[in-house]
1. Find all pairs meeting these conditions: Cβ atoms under 6 angstrom apart; at least six residues apart or on different chains; first residue within region C:201-219 and facing chain A (nearest Cβ under 8 Å) and within 21 Å of C:Arg13 (Cα to Cα); second residue in a strand (DSSP E or B) and among the hydroxyl-bearing types (Ser, Thr, Tyr).
2. Within region C:59-86, which residues are in a loop (DSSP other than H, G, I, E, B) and more than 8 Å from chain A (Cβ to nearest Cβ)?
3. Considering only residues that are within 29 Å of C:Arg120 (Cβ to Cβ) and more than 7 Å from every other protein chain (Cβ to nearest Cβ), look in region B:53-71 and name the one that is surrounded by the fewest Cβ atoms within 10 Å (Cβ to Cβ).
4. Only residues that are of a type in the set (Lys, Arg) and either touching a strand residue (DSSP E or B) at 6+ places or on another chain (Cβ under 6 Å) or at pLDDT below 85 (or both): list them for region C:107-126, please.
5. Just to verify a result, which residue in region B:31-48, among those that are out of contact with any Pro (no Cβ under 7 Å at 6 or more places or on another chain) and at the interface with chain A (Cβ under 10 Å from one of its Cβ atoms), is farthest from C:Ser221 (Cα to Cα)?
6. Return the pair list, or none, for Cβ contacts closer than 7 Å from residues in region C:21-50 that are within 9 Å of another protein chain (Cβ to nearest Cβ) and closer than 17 Å to B:Asn49 by Cα to residues that are polar (S, T, N, Q) and surrounded by 23 or more Cβ atoms within 10 Å (Cβ to Cβ), at least 6 apart or on different chains.
7. Can we say C:Met178 is closer than 27 Å to A:Thr689 by Cα, more than 7 Å from chain B (Cβ to nearest Cβ) and touching a strand residue (DSSP E or B) at 6+ places or on another chain (Cβ under 8 Å)?
8. Please tell me if A:Ile178 is touching a Phe, Trp or Tyr at 6+ places or on another chain (Cβ under 6 Å), crowded, with 24+ Cβ neighbours inside 10 Å and not polar (S, T, N, Q).
Amino acid sequence: MNAWVRKEIKDSIRWLPIGMVLMVALIWYLLASQSPNFFAWRAESLFTLAWFVSAIFATFLGLANYLPETWGSARGFLVQRGLSLHRIFVIRAVVNLAVYLIAMLVPLGALAVFRFVIGTTTAPVSPIQVVPSVVVVLFSFSFYFGAIAVACRPCRWYGSRLFPLLASLAVPLAAVPILSLPKMLIVCVFAFSLGIIGMLLLAASSRVAFLRGPSQPAPSRTRNISLYEKCMMLAAVLVATVLVAVFFASIFNNSYSRVYHSVGFTKEGMPWLIETRYIVKNGSGEQLHEAKFAISESSEDVDSKPDVQALMQGIGFSYPWNYSENFWDMKYVGSFTSADGYPLHVMGFRGLLYVYQLDALQHSRLIAVVVKELVGDAGMQQAPFEQTPRLLTNGSNYPPVLTGLAFSDRNPSSTRKPLGAGSFTIAATDGIYYVDLDTSKIKRLLDSNVRAYSYSSVANGTSDSNKLAVWDGSSISMFQCEGSALNGPFQIGERITTLSTPTDFGSKLQSGDVQFDYRDPDNWAIAIGYSRRNMVKQKVEVARSIQKEIQHYTTTIPESLSVVNLNAMKREVLIAGSSIPPIVLATTGTIAYLLGDEIPELFSYLRFLVAQALLSGIMATLAARWRGLSARQVASWCAGGFLIGLGTWFLVLSIYPRAVYTKCPACNRNRRIEGEKCESCGADWEPLTPLGIEVFEQKNLDAEAIEDRIVLSQST
Amino acid sequence: MRYRIVAGSNVPIFRQIADQIARAVATGELKIGDSVPSVRQLARDLVINPNTVAKAYSDLVASGILETQPGRGYFISKRRQVFTKTERLRRLDETIDLLISQSVSLDFSASEVLERVKELFAQKLCVVPE
Amino acid sequence: MSKLAIEAKGLTRYFGTKPVVQQVNFAIPVGSVVGLLGLNGAGKSTIIKMLMGLLEPTRGSCSLLGVESMSLGPDERSRIGYTIEGHFLYSGMTVRAAEALQADCFPKWDSLLYQATLQRFGISPNERIRHLSRGQRAGISIALTLSSQPELLILDDPSLGLDPVSRRALNETILSFMEPGGRTVLISSHMLDDIERVTDRVMIMTEGRIVVDSSLSHFVSRLSIWTCECSEPLDRVQIPGLVSRRQVGRQSSFVVVDVDEDAQQVMYRLGGNTVRQEESTFDEGVMAYMSRSRSASSLIPT
C-alpha cells in the first residue's frame, strides 16, 4: 500500500503548481487593486475570488486524477489488484486533499502574514479577513468529489454527466453566511452542518461512482443507482432549476438600481411625496423614472400642481450599503467630514478608529488611530481599553445618499472642499464627537442616541452646516450649531425644537433617513422616512412649520411601490420565478420569515406555482412511465414532481436507465431484457435456437485426468 | 531424435507427434524399450500444451506403439496388434484410396505405383525386397 | 472432484438495444488452457470484461474462482492475473517502479519470476516503460501479471502486434505458468497457431454466442471439408451442418460439421463425381466459423 501512496503523491503533486499559481494570481489581482476600492479590501471580495479559484482547482484535480482512468483499458489495470478500490479512493482523497489545501491555503496564509506585517498602515485590512476565504476553500473541495462523479459516471457529456458539478456548487453556498457572522450565528451553524452533510453525501456518491465505474448503467437495469447518487442528482437538478429560473427572471426583470423618495411642497405648503427610480432596463442603460404622490388628505392630481418643488433631498429608502456588517472587516464610519472620502474613517477591531488620508493618487495612508478618549499617532496599534467596540456607529446606518447625493442630480459633485485630517466630527451611536488630532482631544458634542442625522438643506442641493437634525429613533431634534463641522472647531448649540416620530415598525425598523430644510425659526420642514429591512414597508413622516404653525403629515408608501415589488411586478418575471422548485421557494420563504422578513412575493407567485407544479407532475409521470417504472414508483415521482418542479422530468431520466424491451417468445408481449422472468407471463428465457453448427464436447476435459497425466509424465 | 511440429498445418499437432514416433519406430530410429521424452519435457521443447503431447502418447499407446510404465514414463513397446485384421485392412484401404486417386491424377499406372511402393518400402525399412 | 475456475450462466450483455453477448454458458475447470476465438466484435472482450467485473452483465451471471465477478474483492483479485487488451501500463514509470507498485498489491509476489520473465523478453529493469517497444511492453505486462503467482490467468489478446520471437516467449511463459498444476488460463487471441499450440480447449464466438466449446481434437474431428465442381450458383443450397462455403471459379468448398447421409446426398447431387472429402485442419475449422458470421445472413436456415 505504501508504494501506492507514493504513486498517488507523485501523481497529484505535479498539479500543485497550477493551483498555487491560480491562487497567487488571484491574490496579486486583489493586491494590485490597492486604490481606495472599498470592495476589494473587504473579506467578501477575497471570499468570492477564492471560491472561484478553489472550485476550478478542485474540479481540475478530480478530473485530472480520475478522467484518464476511464479511457481505454486503464480501469482494468487499476481494478485488477489486491488493493480494494475503496482503499484507492481513500488514499487518493487524502493525498489530493493535502495537495489542494497546500495549493490553496499557502498563498492565503502568505497573504495573512503579509497583512499582519504591513498592519493597517496602508489600508484598512487585517489578517483575519482571510478566514472566510479559508472556510470557502474547505467547502469548495466538494468540487473535487463532483469532478470524480463526472469522470466516473458513464453518462453522455450532453446529458447528465456534468450535473454533479452543480450539486458541488450547493456545498460552498454553506460558507456564505460566515460573511455576516455575528448577526447570523445560528444560520451559520445551520448552514455549516448542511454543508458538511452535503460534502459527505458528495464524497459517498463519488465513491460509489468510482467503485462501480463504467460498468454502472448497463443500458437497461431495474436496479437503481445508489441513494447517494440520487441525492446528488436531486441537488444538482434543484440547483440547475434555480439557476435557469433566476437567469430568465433576470432577463425579463428591469432592475432598479436606485429608488429615492423625497418630499416636496406646493405653494400652499402641502407636502408631496416624490418617488424617483433609476431603472436599468435589461442592461441597456439607465433611465430615470419619476412619480409623485400626495401625502396629505386633500389629494389632488399631481399634474395639476406643476409648481410642486422638491424642497428636500431624497429620503433614503435607497438600498443600504451592500457591505453587510460583519466580523471580519473593519467598518466604514460615516463622519460629518468624510462624505466625499477625504479622509477615510474606519472602525477597526477593539474599538479603534483608523483615520486614513487619501492622496491625489488615491492611495491611502494611515495618519491616526483614535481611541475613545485619546488620539494617538499612526504608530499606535494597541488600544488602552478594548471594552468599547461599539463606541462609534458604523457606516451602514448612514447611506451615502444622506449627505452626498443630491436629488435629481445624476452625477453628484462634492459640495465640500477636502479637508486635512487635523480635526473632524464623527457620529457615533451614543452621540456626536469632535476629534482634534492636533491636540489629541475628543470632545463629546451631543449626548444622545443617533440613528440618523442631517444638515438643513437649502435650495439646489447644498446644505447648511449650521443647522443639524438628529433622529434618535423616537424623536427628531434640531440644533443650532456654531462653527463649522468642516473647518472646526465645531460646537453643537441650543436645541431649536423636538418632534416625536411615533412609529409602528417596532424593533424591525432597520434604516431611516432624515431630511431637513430650515429657513428661519418659524419656517422649516423636516421629513423622516424609514423602512423595514426588506424594504417592503416604507413610511414617511413630515412636519412643517409655516409662520410657527406646525403641521404633521404621515403616510405609508404603497407596497406596490416598494423596491421588492417593483422588481417582481412583471408577469414574465413571475413565471420564471415560479419555476424555481416549490421546495426551494418554501424553504427560503420559511427562512426569510424566521429572519423577520415578510414574504408577500410568494403569494403573487402562487397561481403560476400551482400551474407549474401540475405541469411538473405530469412530465415526471411521463418520464417515469417512459423509463418503465412500476406503478408505485410512477405515483411517487408524480408527487415528487409537485415538490421538485420542472427538473423532475430530467431527474427521472437521469436516475433510471433507458428501458430496453424485446419480444417474449412465450406470450409475445414486450419484456425487459434484464429480468430473469417475463413481467407478463413469468416465463424464463428460452435457450437460443441452435444454428446447427454447434460443436460442444459434452464430456468436459476432466481436470483430474489432465493432472494425472501430467503428474505421470513429471515423475519420469 | 529430434521432434518438430508445425502449427497451423494440415495435420493436427498431436498427430504430427504420433506420426513422428511411429515413423521413427518403423525406420528403426527408436527401438523397443527406448524411452520417449516425458510429456512435460516434450511439451516444453515444442512449446505446446502438455495435453497435446499426452493425447499423442495415449493414441500411440492405444495403437500399441508405446507402453506406459507407471512412475517411469513411456517406452516403445513390443509390436503387438491391437486391431483386428479387418480393422487393419480398413485403415490400409483408406490410405490406398488416397494413393490411388493421387496416382490417377498424376497419370501413373498401377504397375508403376506398385513398383514405387516396393522401392520406398525397401528404402524406409531397410529390408531387401523379395 | 474438479473445481470450476470460470463459470458463466446465461450471461447476456446489451449495449443499448444491441445484444453483444447472448445467453452464454460455459464452465472452465481448474487446470485448463482455454482459447477464446472470434472475429473482432464477436463479444470476446465483453465477456472478459464481465468476467473481470469491469462490466456488469445485463442478465445472467459469471464467476471467477467461485466468486461472483461483480463482487470480486482484493483477496480474490490477488489470485487472478489479467493482462489487458493493448497491455496498458503506467507508462511514466520505470520497469522497476512498476514492479514495486504491483508487488505492493499482491501478497504472493515473486520477484525472481519477474526478473526471469523480463529476461525472456529482453527488457532491462531500469528503462522507462514509455520508451519500450510494443513487444517489450507486452512482456512487462505479462511479467507483472504472472509474478503475482495467480491461480487463474486471463489474457485478452496478448499477442496483438507481437513479433514472432515475442510470441514464442509469450507461449513459453504461458506454458511454464501452467507447470505447477492447479492453474487455469483463458486466452483470447487471433493467433490461431498460438492457440493450437498452447490451449487444450477452444471456444469460438460468433455474434455474441458461443458456437464451439470443445477440445481441439474433438473440434477438428467433427469437421470435414467437401469440394466439388458445380456450375450452378450454390447460394440457395441447404446443407445440414454447413458452416461456411467458398467458391473460387467453378470450384466450391464447404466446411460441414457432423456430415450425415442427407448432407452427403445433397453434395453428390450437386457435384456428382467431382465431390471430394477431406479432413479439416484446426485453422480451416476456425476460419470457417469466423467467416460464417461475416456472411451469416445468407446461411442461417429460416
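The values are calculated or read from the model by the stated rules, or taken from the named source; none is laboratory data. Since the structure is predicted, the reported quantities are computational estimates derived from the model, not experimental observations. Glycine also receives a Cβ, built like all others from the backbone with ideal geometry; neighbour counts cover every protein chain displayed.
1. none
2. As a first pass, look at region C:59-86 and keep what is in a loop (DSSP other than H, G, I, E, B): C:65-66, C:72-73, C:78-79, C:84-86.
Answer for region C:59-86, where residues must be in a loop (DSSP other than H, G, I, E, B) and more than 8 Å from chain A (Cβ to nearest Cβ): C:Leu65, C:Gly66, C:Leu72, C:Arg79.
3. Of region B:53-71, the ones within 29 Å of C:Arg120 (Cβ to Cβ) are B:53-57.
After this cut, where a residue has to be more than 7 Å from every other protein chain (Cβ to nearest Cβ) as well, the list is B:53, B:56-57.
Numbers: B:Val53: 31, B:Ala56: 29, B:Tyr57: 27.
The qualifying residue surrounded by the fewest Cβ atoms within 10 Å (Cβ to Cβ) is B:Tyr57.
4. At the first step, the residues of region C:107-126 found to be of a type in the set (Lys, Arg) are C:108, C:120.
Once the filter is applied, which keeps residues that are of a type in the set (Lys, Arg) and either touching a strand residue (DSSP E or B) at 6+ places or on another chain (Cβ under 6 Å) or at pLDDT below 85 (or both), region C:107-126 yields only C:Arg120.
5. B:Ser35
6. What qualifies is C:Ile28/C:Thr184; C:Val30/C:Thr184; C:Gly31/C:Thr184; C:Ser32/C:Thr184; C:Val33/B:Asn49; C:Val33/C:Thr199.
7. Numbers: closer than 27 Å to A:Thr689 by Cα: no; more than 7 Å from chain B (Cβ to nearest Cβ): yes; touching a strand residue (DSSP E or B) at 6+ places or on another chain (Cβ under 8 Å): yes.
Against the criterion (closer than 27 Å to A:Thr689 by Cα, more than 7 Å from chain B (Cβ to nearest Cβ) and touching a strand residue (DSSP E or B) at 6+ places or on another chain (Cβ under 8 Å)), C:Met178 does not qualify.
8. Working: touching a Phe, Trp or Tyr at 6+ places or on another chain (Cβ under 6 Å): no; crowded, with 24+ Cβ neighbours inside 10 Å: yes; not polar (S, T, N, Q): yes.
So A:Ile178 does not fit the description; no.
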